[in-house]
Amino acid sequence: MTQAPPDADARRAIAPVICYPPETLPDAQLGLKQAAAADARKVSEVLVPPREARCFEAKAGQVVRITSVEGPQVGDLNLWNAQDLGERFFSGKTRALHGTHVTTGDRLWSSLPHLRAMATVIGDTLDWYGIDAYGGSVHDVIGTRCDPYTGNLLSGAQYHHCCHSNLTRALAETTGLPLSEAELHVHDVLNVFMCTGFTRDTGQYFMKASPVRPGDYFELFAEIDLLGALSACPGGDCSAEHTSDVAACYPLLIEVLAPEAAALEGWQPAQANGYDGTHGVG
């Protein structure tokens, strides 16, 4: 390590600046969406088996509720524009706009060049958790999903029920794409119910036992037509390990609910980003 300069303490003491102040984002209309969800009727449901993934669809204006039903379990979520798999959830921009973890009132943003809200978080029964003494919090957009390539890199394992592979199989089955093509659409996830953070001394990504219990849920309002996929992670509550069959794992329930049309008066589906796309040419 190099020797610190004489003004090291002064350099460290410089106050941070928030890169993307969220105050100028379009209004999330949270109250309207929560009120609409309160009287919504269920139109479909999918039970995601342990160590597997399943796809679901939600129309713009519908509500997606993910619920823990048997035991503590985290889920890795991918979202796409139902009409265009090229537009997908952008975890990096969501993180930059809202923080390392998301909760009620935050939005899930789509990839460039679209960059629009795909969904708004309207319900979170774990919002009480906050940030713990280790720097951990729930529902992260910092993890990348467990995958067979990293597992092989670290241990030489050939494990096929990690979240990346689960999501790949689910998307291939739903769309009819070959596995090799479906895999290219699988992307960095929202880790629903997962409790994670970065260590204060080394800055390493960590996981700890999720506080989720049966009955806890995470609820999204679809801002566009969505195709989603959720993997019930082989890590279970991620208190010890993943990419193996050791952890106790449980199913997750996905319910799609449709509000009454009148309840959505004043809301419009999210429009693609207004940037003109010229990039300074012409």
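The values are calculated or read from the model by the stated rules, or taken from the named source; none is laboratory data. Predicted, not measured: the structure shown is a model, and the values here were computed from it. Here the Cβ is made from the backbone with ideal geometry for all residues, glycine too, and neighbour counts use every protein chain on show. Accessible surface areas use protein heavy atoms only, side chains included; no ligands, DNA or RNA. Shrake-Rupley method; radii C 1.70, N 1.55, O 1.52, S 1.80 Å.
List of remarks:
- Scanning the range 70-88 for residues that are open to solvent by 30 Å² or more (accessible area, probe 1.4 Å) and touching a helix residue (DSSP H, G or I) at 6+ places or on another chain (Cβ under 8 Å) turns up just one, LEU85.
- Qualifying residue in the range 250-267 (condition: in contact (Cβ under 8 Å) with a residue 24 or more places away in the chain, among the hydroxyl-bearing types (Ser, Thr, Tyr) and out of contact with any Gly (no Cβ under 6 Å at 6 or more places or on another chain)): no
- Filter pass, ALA229 being buried (at least 24 other Cβ atoms within 10 Å of the Cβ), within 20 Å of VAL63 (Cα to Cα) and in contact with a helix residue (DSSP H, G or I) (Cβ under 8 Å, 6 or more places away or on another chain): yes
- Restricting attention to the range 109-164, the residues being closer than 23 Å to ALA96 by Cα, over 13 Å from the mean Cα position of the chain (by Cα) and in a loop (DSSP other than H, G, I, E, B) number 18.
- Of everything listed in (1) assigned to a helix (DSSP H, G or I); (2) touching a residue at least 60 places away in the same chain (Cβ under 8 Å); (3) open to solvent by less than 10 Å² (accessible area, probe 1.4 Å), the single unmet condition for ALA182 is (2).
- Qualifying residue in the range 217-225 (condition: of a type in the set (Val, Ile, Thr), part of a loop (DSSP other than H, G, I, E, B) and either touching a helix residue (DSSP H, G or I) at 6+ places or on another chain (Cβ under 6 Å) or on the phi > 0 side of the Ramachandran plot (or both)): no
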